[in-house]
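Before any comments, here is the structure.
What follows draws every value from the coordinates through simple rules; no lab data is involved. Everything numeric in this text was worked out from a predicted model, so none of it was measured. Cβ atoms come from the backbone with ideal geometry, glycine included; neighbour counts cover every protein chain shown.
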Amino acid sequence: MKPTIGFIGLGLMGRPMSLNLVKAGYSVTVWNRSASRAGEVVAEGAKLAKSPQEAAAASDFLISIVSDPPALEEILWGTQGAMPALKRGSIYMDSSTISPTLARKIAAACAERGARFLDAPVTGGDWGARKGELVFMIGGDADTLKAAEPVIGVMGKKWFHLGPNGAGQTIKLAMNMILALQVDALAEALALVTRAGLQGEKLVEVLQSSMGRSGLLDVKAPNLLKGEYAPSFSLRLMHKDLGLALDLANQLGVALPATAAARETYSAVKGASKEDLDYSAVMKFWKP
């Protein structure tokens, strides 16, 4: 028998993830801070909860994906929060990108209630969410992951068990550091090439045939070359993740000079932007 699912957070990633669960035949109860965003999912058959608490109380398996740590803490422990309503024996999986410390705090709170927790941030962009082809980076107990795999498999094509709670978030922050630095470096290189009077496309063409080849080129280079930055993963969220990575580095005593420098560039573009842009819009630092 399929578990009942609660889904909290219907943004760029959460909405298609929850839709895939509904279409796979799961009974899904959704909640989003802006209820209007739930319309498409409800039209497909999901139930709309009045609060995170109601979504948790209706669920054997609760999933959340929200913008940042404060948003997650609010939906868990704020007014009508989900944590007190978690069922004993249920699984709670958070796919937000947060700090490893917060992931471990949530795991401890779940254990007190007799629930199991997985920190399971994702990568793959909104297109991966729509296709059910996300990649999950998972921290938590192996048996809990095994029980969660049928649900995860509806939303993702691959998942990695990386260690205890907090491990998924640590790997996600490290990976996003690399992605942010790659796009920042490509933007700098394109600025140099175009200022020299050459076409940026020529640089990308050579990179595609060199050791600089990267799947990121296929996805983000067109954005930078065309100056089109419709959000697939927003710059404000990447900026947040770089801050989380730097906070973790400070806790561990690891110097991240390149990440610190890149975050300054992202900060400048974020501060000058009036709209929600993809993180490839870091190019606007050189080409407003």
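Gaussian network model of the chain, Cα springs within a sub-10 Å range: biggest mean-square fluctuation belongs to which of G81, G140, G25?
The residue with the greatest mean-square fluctuation here is G25.
State the extension gain, in nm to one decimal, for the chain segment bounded by A43 and N250, taking 0.36 nm per residue of separation less the distance between their alpha-carbons. All intermediate terms of the calculation are to be shown ahead of the outcome.
Details: separation 207, 0.36 × 207 = 74.52 nm, distance 4.59 nm.
Here the segment from A43 to N250 would lengthen by 69.9 nm.
Is the shape of the range 170-285 best called rounded, prolate or oblate, per the rule: a/c under 1.5 gives rounded, else a/b larger than b/c gives prolate, else oblate, with a ≥ b ≥ c the square roots of the Cα gyration tensor eigenvalues?
Working: a/c = 1.92, a/b = 1.48, b/c = 1.30.
The shape class here is prolate.
Comparing L252, L224, L179, which has the greatest mean-square fluctuation in the GNM of the chain with Cα pairs linked when under 10 Å apart?
L252
Highest GNM mean-square fluctuation, the chain, Cα pairs closer than 10 Å: which of G271, G11, G132?
G271
What net charge is computed for the residues neighbouring E228, neighbours being all others with C-beta under 13 Å from the C-beta of E228, Lys and Arg scored +1, Asp and Glu -1? Display every interim value, and only then the final one.
Details: positive: K220, K226, K284, K287; negative: E275, D278.
So the surrounding residues net to +2.
Quick check: pseudo-label points 7 Å beyond the Cα along Cα→Cβ at D141 and A185, how many nm apart are they?
Each label point is offset 7 Å from its Cα along the Cβ direction, giving 4.1 nm.
Among K50/K158; K50/K284; K226/K270; K105/K274; K47/K226; K23/K50, which pairs are too far apart, with a Cα-Cα distance over 29 Å?
K50/K158; K50/K284; K105/K274; K47/K226
Any aspartates and glutamates with Cα under 16 Å of the K157 Cα? List them, leaving off those in the same chain fewer than 8 positions away.
Counting by Cα, and skipping residues close in sequence, K157 has these aspartates and glutamates nearby: D126, E133, E149.
If one takes the longest principal axis of the Cα atoms in the chain, at what angle in degrees, from 0 to 90 and to the nearest 10, does the Cα axis of helix 100-112 lie?
Rounded to the nearest ten degrees, it is 10.
Compute the angle between helix 215-226 and the longest alpha-carbon principal axis of the chain, please, reported from 0 to 90 degrees and rounded to the nearest 10.
Taking Cα atoms only, the helix is inclined about 60 degrees.
Calculate how steeply helix 257-272 sits against the longest principal axis of the alpha-carbon atoms of the chain, using the helix alpha-carbon long axis, and give the answer as 0 to 90 degrees to the nearest 10.
90
Mind running the shape call on the range 19-112? Use the C-alpha gyration tensor, a ≥ b ≥ c as the square roots of the eigenvalues: rounded below 1.5 for a/c, prolate if a/b tops b/c, oblate otherwise. Provide the component values of the computation, followed by the final result.
Values: a/c = 1.76, a/b = 1.50, b/c = 1.17.
Prolate, since a/c reaches 1.5 and a/b exceeds b/c.
Add +1 for every Lys or Arg and -1 for every Asp or Glu among the other residues with Cβ under 11 Å from the Cβ of W31, and state the total. Before the final figure, lay out each step's value.
Details: positive: R33, R37, K47, K50; negative: E54.
My count for the surroundings of W31 gives +3.
R0 = 22 Å: FRET efficiency of E264 with S214, Cβ-based, nearest 0.05?
Details: r = 23 Å, r/R0 = 1.05.
So, using R0 = 22 Å, E works out to roughly 0.45.
By count of other Cβ within 10 Å, fewest leading, how are L186, L198, L207 ordered? Intermediate values should be presented prior to the final figure.
Details: L186 25, L198 12, L207 16.
The most exposed by this proxy come first: L198, L207, L186.
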